[in-house]
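The structure appears right after this line, and notes come after that.
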Amino acid sequence: MISRRRLITTGLTAVAGASGLAAAARLAAQYGLVPPDHGGLYGAGETITYAAHRLLTLHQPLAREFDRSQISRVAPVNGAPPESDDYQRLLRRDFAEWRLEVDGLVAKPSSFSLAELKRMPARSHITHQACEEGWSFIAEWTGVPLSEILTRVGLSPRAKYIVLYPFDTYWDSIDLADAWHPQTLLAYGMNGRDLPTGHGAPIRMRVTRQLGYKSIKYLARLSAVESLANVEDGLGSNSPSAGYSWYAGI
Ligand SMILES: Nc1nc2c(c(=O)[nH]1)N[C@H]1C(S)=C(S)[C@@H](COP(=O)(O)O)O[C@H]1N2
Ligand SMILES: [Mo]
């Protein structure tokens, strides 16, 4: 495995240097490491970044975890909670009627209440969340590992991405390396309390190895797919159309 990985990464960078990004992108394609926003002016660069990160992190390294004493005193909130009637009604009733829908390429399409999620094995971590706009903070996040849900619903071997749909206009997707990663949480707690509304109640994603915008708040639905080509605009997320990469690894 190591020698294969070394071969591929050396190959990728050598090819990128010698004969241009397009050739390296073709090599990445042979390994299925092409991000959904691979087209356009910066597409080959997106592919090299994504493929190189994935090949260098085959062993799923963890993002750095901090001590309680390092938790930021102020955690900025990005944006306002969804204004939709659906969301506001659920919020007024403390999310008692909220359910997380899980569908797509799974053996058992399911939905889970907040209480059900809170009864599942929990994991907490104190990690850094960085916004692409330049601010960041450290917080403790508590929730159900996404892997627990994927196991319960029986993720199909055909699935390659998990699409994340919130109650607002964001949407995003993550590959299986992040979906199965032990720090990837469906988080319902922050700094020892229920997740505050502005930070994504009742449940947000925490994807520790990517920029903050991948940590989708106000989750409503997860869907397992084989390809992102036919999902929304085909770019895997609302970010590429706004000028940001689908893959935002740090
Ligand atoms: N549904 C949804 N998720 C979202 C956002 C959003 O506006 N809506 N903002 C994103 C961005 S750009 C960042 S940096 C983080 C901010 O998380 P915070 O508000 O908890 O600081 O959430 C991300 N997840
Ligand atoms: Mo952000």
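Quick check: is even one residue across the range 189-204 part of a strand (DSSP E or B), in contact with a Pro (Cβ under 7 Å, 6 or more places away or on another chain) and within 13 Å of ligand 1 (Cβ to nearest atom)?
The answer is yes; a qualifying residue exists.
Taking A80 as meeting all but one of (1) more than 16 Å from ligand 2 (Cβ to nearest atom); (2) closer than 26 Å to G243 by Cβ, write down the number of the exception.
With respect to (1) more than 16 Å from ligand 2 (Cβ to nearest atom); (2) closer than 26 Å to G243 by Cβ, A80 is out only on (1).
Going by the structure shown, is R93 farther than 21 Å from T169 by Cα, assigned by TED's automatic domain parsing to the domain that holds P196 and loosely packed, with under 14 Cβ neighbours inside 10 Å?
yes
From the list A130, A177, A115, A122, pick out the single residue that is within 30 Å of S241 (Cα to Cα), more than 16 Å from ligand 2 (Cβ to nearest atom) and in the same structural domain as R89 (by TED's automatic domain parsing).
Among A130, A177, A115, A122, only A177 is within 30 Å of S241 (Cα to Cα), more than 16 Å from ligand 2 (Cβ to nearest atom) and in the same structural domain as R89 (by TED's automatic domain parsing).
Could you go through the range 202-214 and let me know if any residue there is among the aromatic types (F, W, Y) and surrounded by 24 or more Cβ atoms within 10 Å (Cβ to Cβ).
For the range 202-214, residues among the aromatic types (F, W, Y) and surrounded by 24 or more Cβ atoms within 10 Å (Cβ to Cβ): absent.
Examine the range 151-159 for a residue that is open to solvent by 50 Å² or more (accessible area, probe 1.4 Å) and more than 23 Å from Y247 (Cα to Cα), and state whether such a residue exists.
The answer is yes; a qualifying residue exists.
Anything in the range 108-149 that is among the aliphatic types (A, V, I, L, M) and touching a strand residue (DSSP E or B) at 6+ places or on another chain (Cβ under 8 Å)? List them, or say none.
Result: L114, L117, M120, A122, I126, A130, I138, A139, V144, L146, I149.
The values are calculated or read from the model by the stated rules, or taken from the named source; none is laboratory data. Please read these numbers as outputs of a predicted model, since none were measured by experiment. Because the Cβ atoms are built from the backbone with ideal geometry, glycine has one as well, and the counts that use them run over all protein chains shown. The accessibility values were calculated without ligands, DNA or RNA, using every heavy atom of the protein model including side chains. Shrake-Rupley method; radii C 1.70, N 1.55, O 1.52, S 1.80 Å.
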